[in-house]
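These notes concern the structure reproduced below.
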């Protein structure tokens with residue numbers, strides 16, 4: 001594996017999940033693999049889990065780690081070709097990507113969607129520019145349209161908490177006071193396409209996700225109907241995709257409550273965090289025994305570690 | 001020792017001071033103790049000495065260190081139970097504390113007093129939430145009401161500069177242009193309660209500290225009288241405790257000058273830094289041979305290192 | 001070598017360049033030299049190349065590294081003697097410099113020119129205060145008037161791309177939308193004074209640099225004339241030195257274009273980055289085979305590494 005920009009960059013999800021579960025039992029087993037090598041973590045947006053878990057994973061592999069908050073510690077980058085750079089952008093990605101690659105062996109990047117320009121967001125200009133220009137492996141720490149380290153951590157968590165062979169998995173939209181990107185939902189769907197499951201996406205009308213990602217996944221606008229007999233309820237807010245980045249007022253209460261969870265097959269509750277309590281999910285649900293959110297966060301370390309391990313092995 | 005949130009978390013101050021002085025002579029003696037373990041330093045407020053000395057101490061013990069400025073690199077946390085999180089706080093401490101604990105073995109936290117809500121500040125909600133929820137050892141890098149790593153560094157410095165058996169120690173208030181917390185003064189008093197000394201607190205009327213911390217310590221409103229024959233003058237500004245967080249205009253000049261120091265028994269001058277020169281203390285005093293401020297700063301490393309060593313030994 | 005504040009702190013530029021080129025071939029050769037030692041990188045201004053390359057160089061030498069953004073993570077420092085510190089500056093350099101030195105063996109500092117007060121800028125108050133007060137080696141990561149790690153990286157790059165014995169080297173001013181400091185140009189000139197070359201500085205009238213730095217270097221106001229038969233075109237914007245920090249409107253287009261490069265002896269194009277494309281230099285030039293900008297950035301690692309190696313060896 002050269003880059004990890006998308007869950008499909010994994011050769012095989014199932015075996016990767018198994019390897020990650022193995023690593024978790026002996027997390028320092030490959031503590032010399034990264035010796036003398038350096039990873040740069042570039043944050044164009046804030047982060048808690050990703051920031052800490054990726055540093056932990058890198059340290060477990062013996063990698064040197066350099067963290068940079070690009071916005072506050074550096075400056076704005078220009079991504080357009082041929083532009084006369086006489087405004088507020090101090091450096092072109094053509095230099096920045098190549099320069100960063102002089103100082104590290106792997107670069108990991110967080111750069112969220114603008115939610116104002118669908119075309120630009122879908123071009124994944126930050127991560128794709130680094131892939132194209134830097135010449136070194138690029139890891140996605142959440143880009144405009146995907147969060148594949150989260151999806152891999154989710155797959156690990158589901159495997160560890162597996163109930164029956166072909167579980168019913170529901171991805172449910174939930175309310176949120178701010179307009180949020182589609183990245184986590186997209187990558188969860190991408191990941192589910194690689195699983196043998198009865199998978200349903202439920203959300204209010206107007207919140208349909210990108211059809212190129214949803215593909216043939218079943219969509220159900222009735223949340224309670226979707227929840228019936230589910231084994232996993234994976235919850236996430238996202239803003240509208242059609243009315244790109246908009247929050248559409250809607251009447252029905254989509255907050256995840258104990259009453260709704262009671263319709264399921266004693267389902268596990270999952271969320272990538274951070275989560276707005278009593279807006280996205282009621283206290284009673286996230287605090288219940290069926291909540292996997294802390295284990296999902298824990299698995300972010302092993303998701304990152306197995307990805308970095310594969311990249312390091314490929315670097316030789 | 002599980003946590004270090006208060007000087008009283010030390011089993012024995014006197015032996016800890018002796019151990020720290022020993023460590024200082026051979027600071028890399030335990031450089032393998034922290035191998036494969038990680039400490040997260042979470043800064044909710046700015047820092048110079050604490051930021052650098054705690055990293056140095058952790059490195060001396062072979063600990064991996066992850067530093068995070070929670071405000072600028074993360075987001076605001078909610079601490080209230082049962083709240084509907086539809087405002088500007090993105091994550092609840094119930095998740096954040098448990099999540100951070102997935103990525104490290106020890107968490108160290110700086111979170112200052114608001115100085116607007118005495119009850120909330122005294123609840124020490126940040127550090128106590130991490131203690132209650134994270135399940136890992138918590139180190140106080142200055143909380144609302146205490147700065148026990150500073151107090152331990154002060155005890156080390158006083159031991160190294162010990163004059164006579166039962167010294168006279170004066171904690172003196174001094175002026176400052178801003179309203180400051182009570183944390184340093186509180187922890188110094190807590191520490192002095194564990195020492196065999198003639199201890200006096202001096203400050204203008206209206207600046208009495210929390211009586212539950214002061215206890216039976218002698219308070220003298222006449223600064224010059226307090227200074228008479230003193231061996232140590234420990235200086236710090238704090239805002240009013242009764243009129244919580246207020247700065248009370250007062251006539252008398254409380255700045256520490258050479259004239260005032262001349263009343264003492266050739267006393268050592270101490271301050272935790274940062275200090276406002278010629279407001280808190282005259283140049284002539286802080287620049288004199290009797291000033292211990294740089295040695296106090298130096299001992300912050302060994303104060304942190306002995307605390308982390310004890311926590312690591314307890315982790316096994 | 002105790003400090004590296006100026007290129008002249010090197011005992012011998014030529015041998016240092018050769019040693020750096022040697023290090024580059026085996027960058028982990030001295031990976032134990034810094035064991036148990038710590039470097040603090042203090043950034044009073046933003047940085048990309050310097051931030052990453054200095055961390056990389058330190059890691060290559062086995063140094064522990066602590067990075068601090070002084071402005072956002074710490075507070076403002078006072079540098080004047082005898083001041084009554086009742087305004088917005090929380091700590092005096094007299095304490096800060098000595099305190100930082102308690103936690104590290106080497107301190108490296110970035111502190112740009114104000115461009116508002118020539119006398120203050122030329123006093124190099126930040127770096128000189130640390131040199132005077134801290135008692136430990138100080139490395140210049142770009143100060144008001146110099147950027148000697150860049151100049152050393154440039155010397156390495158020119159050596160690696162050497163054409164003929166005594167090359168013609170042109171330092172050319174180029175336009176920029178903002179007022180920029182003189183540091184890079186100054187250090188390049190300082191470095192060229194140590195080289196056997198035909199060296200010319202070209203810029204519009206009104207942009208003459210400090211005569212104490214320019215000395216007997218040839219100045220040519222006609223850019224095209226200066227470019228004739230050049231082997232290296234080193235480009236940089238700077239604001240006026242006489243009308244200190246001002247941008248003087250001027251008609252002629254000083255942007256580096258392919259047409260201008262055609263007048264040279266197939267010259268290499270050099271710039272320290274970040275660069276404003278199509279303002280400072282046309283895409284066609286920076287994207288050409290003759291552009292050395294990425295190699296210059298790469299050599300920042302070896303420039304820092306050879307400097308830190310010499311300082312460590314001197315520390316013993």
- Given the conditions (1) crowded, with 20+ Cβ neighbours inside 10 Å; (2) within 14 Å of chain B (Cβ to nearest Cβ); (3) out of contact with any strand residue (DSSP E or B) (no Cβ under 7 Å at 6 or more places or on another chain), which single one is not true for residue C:133? (1)
- All but one of (1) at pLDDT 95 or above; (2) surrounded by fewer than 19 Cβ atoms within 10 Å (Cβ to Cβ) hold for residue A:312, so report the exception by its number. (2)
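Given the criterion within 19 Å of the chain's Cα centre (by Cα) and either assigned to a loop (DSSP other than H, G, I, E, B) or assigned by TED's automatic domain parsing to the domain that holds residue B:281 (or both), identify the matching residue among B:190, B:196.
Numbers: B:196 fails: within 19 Å of the chain's Cα centre (by Cα).
When all the criteria are applied, what remains is B:190.
Touching a residue at least 12 places away in the same chain (Cβ under 8 Å) and part of a helix (DSSP H, G or I), is that true of residue A:185? Talk me through it step by step, then tell me what you get.
Details: touching a residue at least 12 places away in the same chain (Cβ under 8 Å): yes; part of a helix (DSSP H, G or I): yes.
For residue A:185, the condition - touching a residue at least 12 places away in the same chain (Cβ under 8 Å) and part of a helix (DSSP H, G or I) - is met.
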- State whether one or more residues within segment C:241-252 are in a loop (DSSP other than H, G, I, E, B) and in contact with a helix residue (DSSP H, G or I) (Cβ under 7 Å, 6 or more places away or on another chain). yes
- Query: Applying the selection to segment C:25-47, what residues are within 10 Å of another protein chain (Cβ to nearest Cβ) and free of Cβ contacts under 8 Å to residues at least 40 places away in the same chain?
  - Reply: C:28, C:31, C:35, C:36, C:46
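I want to confirm something. Restricting to segment A:263-275 and keeping residues that are touching a helix residue (DSSP H, G or I) at 6+ places or on another chain (Cβ under 9 Å) and not in a strand (DSSP E or B), which single residue is surrounded by the fewest Cβ atoms within 10 Å (Cβ to Cβ)?
Taking segment A:263-275 as the starting set, the residues that turn out to be touching a helix residue (DSSP H, G or I) at 6+ places or on another chain (Cβ under 9 Å) are A:263-264, A:267-275.
Restricting the remaining residues to those that are not in a strand (DSSP E or B) gives A:263-264, A:267, A:271-275.
On the way: A:263: 16, A:264: 20, A:267: 24, A:271: 25, A:272: 24, A:273: 21, A:274: 22, A:275: 24.
Residue satisfying both the conditions and the ranking: A:263.
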- Among the residues of segment A:277-303, which ones are within 14 Å of chain B (Cβ to nearest Cβ) and in contact with a strand residue (DSSP E or B) (Cβ under 8 Å, 6 or more places away or on another chain)? A:277, A:280, A:281, A:282, A:283, A:285, A:286, A:288, A:291, A:292, A:293, A:296
- How many of the residues in segment B:80-112 are more than 7 Å from chain A (Cβ to nearest Cβ), free of Cβ contacts under 8 Å to residues at least 12 places away in the same chain and buried (at least 23 other Cβ atoms within 10 Å of the Cβ)? 0
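Report yes if some residue within segment C:127-140 is at pLDDT below 95, in a helix (DSSP H, G or I) and either at negative phi or more than 15 Å from the chain's Cα centre (by Cα) (or both); otherwise report no. Before the answer, list the steps.
Here is the first cut: in segment C:127-140, the ones at pLDDT below 95 are none.
No, segment C:127-140 contains no residue that is at pLDDT below 95, in a helix (DSSP H, G or I) and either at negative phi or more than 15 Å from the chain's Cα centre (by Cα) (or both).
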- Item | Odd one out for residue C:73, checked against (1) in contact with a strand residue (DSSP E or B) (Cβ under 7 Å, 6 or more places away or on another chain); (2) modelled with pLDDT of 95 or more | (2)
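Can residue A:8 be described as more than 22 Å from residue A:309 (Cβ to Cβ) and touching a residue at least 12 places away in the same chain (Cβ under 8 Å)? Give the steps one after another, and end with the answer.
Values: more than 22 Å from residue A:309 (Cβ to Cβ): no; touching a residue at least 12 places away in the same chain (Cβ under 8 Å): yes.
Considered against the rule, which asks whether it is more than 22 Å from residue A:309 (Cβ to Cβ) and touching a residue at least 12 places away in the same chain (Cβ under 8 Å), residue A:8 comes out as no.
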- Query: What single numbered condition from (1) within 14 Å of chain C (Cβ to nearest Cβ); (2) crowded, with 16+ Cβ neighbours inside 10 Å; (3) in contact (Cβ under 8 Å) with a residue 24 or more places away in the chain fails to hold for residue B:257?
  - Reply: (2)
- Message: Name the residue that is surrounded by the fewest Cβ atoms within 10 Å (Cβ to Cβ), counting only residues in segment A:228-254 that are over 23 Å from residue A:274 (Cβ atoms), over 23 Å from the mean Cα position of the chain (by Cα) and free of Cβ contacts under 8 Å to residues at least 60 places away in the same chain.
- Response: A:251
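Here is a yes/no grid of residues against (1) over 20 Å from residue A:244 (Cβ atoms); (2) crowded, with 19+ Cβ neighbours inside 10 Å; (3) at the interface with another protein chain (Cβ under 8 Å from one of its Cβ atoms):
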position	(1), (2), (3)
A:64	yes, yes, yes
A:78	yes, yes, yes
A:114	no, no, no
A:121	no, yes, no
- Of (1) out of contact with any strand residue (DSSP E or B) (no Cβ under 6 Å at 6 or more places or on another chain); (2) over 17 Å from residue B:83 (Cα atoms); (3) assigned to a helix (DSSP H, G or I), residue A:307 satisfies every one except (1)
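Out of A:299, A:278, A:290, report the one residue that is surrounded by fewer than 24 Cβ atoms within 10 Å (Cβ to Cβ) and either in contact with a helix residue (DSSP H, G or I) (Cβ under 6 Å, 6 or more places away or on another chain) or over 19 Å from residue A:175 (Cα atoms) (or both). Lay out the reasoning, then the answer.
Values: A:299 fails: surrounded by fewer than 24 Cβ atoms within 10 Å (Cβ to Cβ); A:278 fails: either in contact with a helix residue (DSSP H, G or I) (Cβ under 6 Å, 6 or more places away or on another chain) or over 19 Å from residue A:175 (Cα atoms) (or both).
Just a single option satisfies the conditions, and that option is A:290.
Pick out the one residue from B:222, B:216, B:154 that is touching a strand residue (DSSP E or B) at 6+ places or on another chain (Cβ under 8 Å) and either surrounded by fewer than 23 Cβ atoms within 10 Å (Cβ to Cβ) or on the phi > 0 side of the Ramachandran plot (or both). Give the steps one after another, and end with the answer.
Working: B:216 fails: touching a strand residue (DSSP E or B) at 6+ places or on another chain (Cβ under 8 Å); B:154 fails: either surrounded by fewer than 23 Cβ atoms within 10 Å (Cβ to Cβ) or on the phi > 0 side of the Ramachandran plot (or both).
From the options B:222, B:216, B:154, the qualifying one is B:222.
Can you tell me how many residues within segment C:48-62 are more than 7 Å from every other protein chain (Cβ to nearest Cβ) and surrounded by 20 or more Cβ atoms within 10 Å (Cβ to Cβ)?
Looking only at segment C:48-62, we keep the residues that are more than 7 Å from every other protein chain (Cβ to nearest Cβ), and these are C:50, C:54, C:57-58, C:60-62.
When the remaining residues are screened for being surrounded by 20 or more Cβ atoms within 10 Å (Cβ to Cβ), the result is C:50, C:54, C:57-58, C:60-61.
Residues meeting the conditions: 6.
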- Task: Of the conditions (1) out of contact with any helix residue (DSSP H, G or I) (no Cβ under 8 Å at 6 or more places or on another chain); (2) under 22 Å from residue B:10 (Cα atoms), residue B:180 clears all except one; give me its number.
- Result: (2)
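The values are calculated or read from the model by the stated rules, or taken from the named source; none is laboratory data. Just so we're clear, the structure is a prediction, and the values are computed from it rather than from any experiment. A quick note on method: Cβ atoms are made from the backbone with ideal geometry, for glycine too, and the neighbour counts reach across all protein chains shown.
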